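Notes to accompany the following structure.
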């Protein structure tokens, strides 16, 4: 099962995976696409081959990064494996930007005017560090993208009712995105709502922002969740790229 962004088309790949129909064994069963997990690397590579084949591209066309919950952004010139970036952007066709998640929010961005795309990894740290606004700024600087032209998809992430954090995290977000937690000093944090607000504040049109309504934590048959499963969690992969 593959979930496609509403603006995906014959010429634009914009989608996210689920954990179904792969070869990885438990606890990573079955379509673990996380190349930096503790799963058997051969199984992950076979899952990537299967997944890419269903989309009509090759694994050698992917640009993937070891994400560090930071705010570094890479302008991708060629497919490959990169280190330390939490956002990737490109205006080159035939390169497919990938973000791995297992609770955090993936963000896929398409500029149909300047023919550019972006893929962003936003957990609470990245959101607090303004990774999405910084990525939009980079697209503006490198590709002359107008935020009003951008289309944004917010991928499947953990729902706010399952995402309880302490005061040290909650203090970094406006109260409107927080609800009282189950214990003193605990709060439920709506990361996706915060990222959505950031998108609008950057000038992206409300009608250009869509998102998944699934929750990684509540749907174990479909999604991996680090909050639920810890180090034994695999990763979904969100991809965006323009076909050659």
- Message: Checking the condition surrounded by fewer than 19 Cβ atoms within 10 Å (Cβ to Cβ) and touching a strand residue (DSSP E or B) at 6+ places or on another chain (Cβ under 8 Å), which residue from 4, 51 passes?
- Response: 4
- Do you know which of the residues in the range 101-147 that are on the phi > 0 side of the Ramachandran plot and under 17 Å from the mean Cα position of the chain (by Cα) is surrounded by the fewest Cβ atoms within 10 Å (Cβ to Cβ)? 130
- Item | Unmet criterion (only one of (1) in contact (Cβ under 8 Å) with a residue 60 or more places away in the chain; (2) within 13 Å of residue 238 (Cβ to Cβ); (3) more than 14 Å from the chain's Cα centre (by Cα)) for residue 8 | (1)
- Query: What pairs come up if the first residue lies in the range 46-63 and is at positive phi and in a loop (DSSP other than H, G, I, E, B), the second is buried (at least 21 other Cβ atoms within 10 Å of the Cβ) and at pLDDT 95 or above, and their beta carbons are under 9 Å apart, counting only those six or more places apart or on different chains?
  - Reply: 56/13
- Message: Just to check your reading of the model, which residue among 81, 66 is surrounded by fewer than 22 Cβ atoms within 10 Å (Cβ to Cβ), touching a strand residue (DSSP E or B) at 6+ places or on another chain (Cβ under 8 Å) and either within 28 Å of residue 162 (Cα to Cα) or modelled with pLDDT under 95 (or both)?
- Response: 66
- Scan of the range 179-197 for residues that are in contact with a strand residue (DSSP E or B) (Cβ under 7 Å, 6 or more places away or on another chain) and either part of a helix (DSSP H, G or I) or surrounded by 19 or more Cβ atoms within 10 Å (Cβ to Cβ) (or both), ordered by number: 187, 189, 191, 192, 195, 196
- List every residue pair whose Cβ atoms sit under 9 Å apart, with the two residues 6 or more apart in sequence or on different chains, where the first one lies in the range 175-187 and is at positive phi and the second, anywhere, is in a strand (DSSP E or B). 185/166
- Could you please give the count of residues in the range 217-236 that are in contact with a helix residue (DSSP H, G or I) (Cβ under 7 Å, 6 or more places away or on another chain), buried (at least 17 other Cβ atoms within 10 Å of the Cβ) and over 14 Å from residue 39 (Cα atoms)? 1
- Message: For the range 71-106: of the residues being assigned to a strand (DSSP E or B) and without any contact (Cβ under 8 Å) to a residue 60 or more places away in the chain, which is farthest from residue 158 (Cα to Cα)?
- Response: 80
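The values are calculated or read from the model by the stated rules, or taken from the named source; none is laboratory data. Because the structure is predicted, anything quoted here is derived from the model rather than measured. Cβ atoms come from the backbone with ideal geometry, glycine included; neighbour counts cover every protein chain shown.
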